[in-house]
Structure formats: structure tokens, C-alpha cells
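Report on one structure; see the data block that follows.
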Amino acid sequence: NAGVTQTPKFRVLKTGQSMTLLCAQDMNHEYMYWYRQDPGMGLKLIYYSVGAGITDKGEVPNGYNVSRSTTEDFPLRLELAAPSQTSVYFCASSLTGQYSYEQYFGPGTRLTVT
Amino acid sequence: AQSVAQPEDQVNVAEGNPLTVKCTYSVSGNPYLFWYVQYPNRGLQFLLKYITGDNLVKGSYGFEAEFNKSQTSFHLKKPSALVSDSALYFCAVRDAGGYNKLIFGAGTRLAVHP
């Protein structure tokens, strides 16, 4: 199993540009999540999904959009990038069911918006 | 409001000495608690969790954590630190809203010196 994969690893955007961060998992997990990590701030939840076609906002959703057309894929879209979106982005997934509460993380995408 | 606090930005310990990384939480209902580790330029790796049962939980790489309900704490411990344990450690609690969402602390950087 590859686990949770993310592409690209690094990206530099100019203000106003758009891009999609890709996330895929091969563990057949129903739940998927997008976080951003800023220094000294821990991880903040952007969006999450509980299954194909079902998404919901997390703590910091402004400026982002998501979709979930398959169980495996959960892309994150930045429509009009702003310098405040400079961060490291992590995708994660989790099983449903009793005692399967932990999340499994991808390697991250480091995004710089200039 | 649900929250996780990691009161120390950094913990320094000599190799071979015991280490403790502190975590306190605030959550309604029974807490589901987690520790993750992040090595430089990597994603988060799951270390251990407390769901129910024995207050001392054992996890990966020789780490353990002690759940203390009266003190609302979940401190991470290891009897003998290794230089390779140097990393960023995150405590997290399951969001009472479900779907295995996690609320993270800000993280504690552990530095183990030879």
C-alpha cells in the first residue's frame, strides 16, 4: 500500500493564481481531511469528507474548495491564491468503525504564495 | 469549547534520560486522545492512542502515554531518549462532532542531545 499520497511536494504561486493540490489514498478509507500547518499553530482543519460526494467545512475553509468524486481522491482547490495561504498542506484519511479513530497522513505539500 | 494545550514549545533532554512531553485537554464527554510525531519535511506519524481501558498506553518506538482523567492530561513518555527521537510532537483529541476529526495542540519540539 502506498497509503496517502500528495502531489506536488512543493509549489510557488503568484497572488491570484489558482491550483489544485492532489490527494489519494489506497486504504479504502471513507473519511478524508485537509489540514494546513503554520509554524507554532499546530494543524487546522480546512475541509473534510465522510464519503464520495459528501464534504463539509472545517475550521479554516475560506479561500478553498474541495470535491470528492471517488473514495480514493480528495483534491483541494485554491481559486485565487493569497500570501496568507502560504503554508504546508496535509491530507489525511481515517477508517470508520469502532476503535479505528486515528488518521493517516500524507507527506505534505509546501506552498508559497508570492 | 474543545481544546488541546501543549504548554512547552520545546523540551530538551540528554540521550539516555527519560523524557516527558506534556499535554492537557478540554473536551465534553469521554476523551479520545492521540499522539503523533513529525520528522523534518515529513507528514505526521501516529504513535499511540487512548480510547478506553488501561490508563497507561504503549505505542510505537518505545513511547508510552499516561491518561489522567482528574488532571485532564495525557503526557507522552519514554524511559530512555534517543537522539533519533528529536522531532515535533503533537497531541490531539477527537472532536466531539464525530467523523474522527481531530483537534491538535500547537506541538512540542523535542531535542535530544548526545
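Report the extension gain between B:Gln10 and B:Leu82 in nm, rounded to one decimal, defined as 0.36 nm multiplied by the number of residues separating them, less their alpha carbon distance.
Numbers: separation 72, 0.36 × 72 = 25.92 nm, distance 1.60 nm.
Between B:Gln10 and B:Leu82, full extension yields an extra 24.3 nm.
I'd like the mean, over residues of B:26-38, of how many other protein chain beta carbons sit within 10 Å of each residue's own Cβ.
On the way: counts 0, 0, 0, 0, 0, 0, 3, 1, 3, 0, 4, 0, 6.
Counting Cβ atoms of other protein chains within 10 Å of each residue's Cβ and averaging gives 1.
Take the Cα of A:Ser84, step 7 Å along the line toward its Cβ, and report every residue of region A:56-75 whose backbone nitrogen sits under 17 Å from that point.
In region A:56-75, the label zone of A:Ser84 (backbone N under 17 Å from the point 7 Å along Cα→Cβ) covers A:58-65.
If you build a Gaussian network model of chain A, linking Cα atoms that sit under 10 Å apart, which residue out of A:Glu79, A:Glu102, A:Glu30 swings the most?
Per the Cα network of chain A with a 10 Å cutoff, A:Glu102 tops the list.
Quick one: check the C-alpha center-to-center distance for region A:53-100 versus region B:10-52, whole angstrom.
24
Under the definition of Cα pairs under 8 Å and six or more residues apart, what whole-number percent is the relative contact order of region B:1-95?
The value is 37 percent.
Among B:His113, A:His29, B:His75, which comes first, second and so on when ranked by fewest other beta-carbon atoms within 10 Å? All intermediate terms of the calculation are to be shown ahead of the outcome.
On the way: B:His113 11, A:His29 20, B:His75 17.
Ranking B:His113, A:His29, B:His75 by Cβ neighbours within 10 Å, fewest first, gives B:His113, B:His75, A:His29.
Once the Cβ-Cβ distance between B:Ser3 and A:Arg77 is put in as r, and R0 is 30 Å, what FRET efficiency do you end up with, to the nearest 0.05?
0.55
Treating each Cα of chain A as an identical point scatterer and ignoring solvent, apply the Debye formula and state log10 I(q)/I(0) at q = 0.18 Å⁻¹.
Reported log10 I(q)/I(0), two decimals: -0.85.
Determine one quarter of the surface area of the Cα convex hull of region B:1-106, which equals its mean projected area, and express it in nm² to one decimal.
Mean projected area for region B:1-106: 6.8 nm², to one decimal.
How high is the FRET efficiency from B:Asn30 to A:Asn62, r the C-beta distance, R0 22 Å, rounded to 0.05?
Computed FRET efficiency for B:Asn30 and A:Asn62 comes out at 0.10.
Using the structure shown, select from A:Lys14/B:Lys101; B:Lys58/B:Lys101; A:Lys14/A:Lys57 the pairs with a Cα to Cα distance greater than 30 angstrom.
Values: A:Lys14/B:Lys101 32 Å; B:Lys58/B:Lys101 22 Å; A:Lys14/A:Lys57 25 Å.
Violating the 30 Å Cα-Cα cut-off are A:Lys14/B:Lys101.
How many Cβ atoms of partner chains, on average, are near each residue of B:89-102 if near means within 10 Å of its Cβ? Show your work: numbers first, answer last.
Details: counts 0, 3, 1, 4, 0, 3, 4, 0, 1, 2, 11, 16, 11, 9.
Mean shielding count: 5.
Between B:Thr72 and A:Arg110, take the C-beta separation as r, use R0 = 25 Å, and let me know the FRET efficiency to the nearest 0.05.
Plugging the Cβ-Cβ distance into 1/(1 + (r/R0)^6) gives 0.15.
Please list, by residue number, everything in region A:73-110 whose backbone N is under 13 Å from a paramagnetic label point 7 Å out along Cα→Cβ of A:Leu22.
Label zone hits: A:73-76.
None of the figures in this text is laboratory data; all of them are computed from the coordinates on show. Just so it is clear, the model here is predicted, and its values are computed rather than measured. Neighbour counts are summed over all protein chains in view; Cβ atoms, including those assigned to glycine, are modelled from backbone coordinates with ideal geometry.
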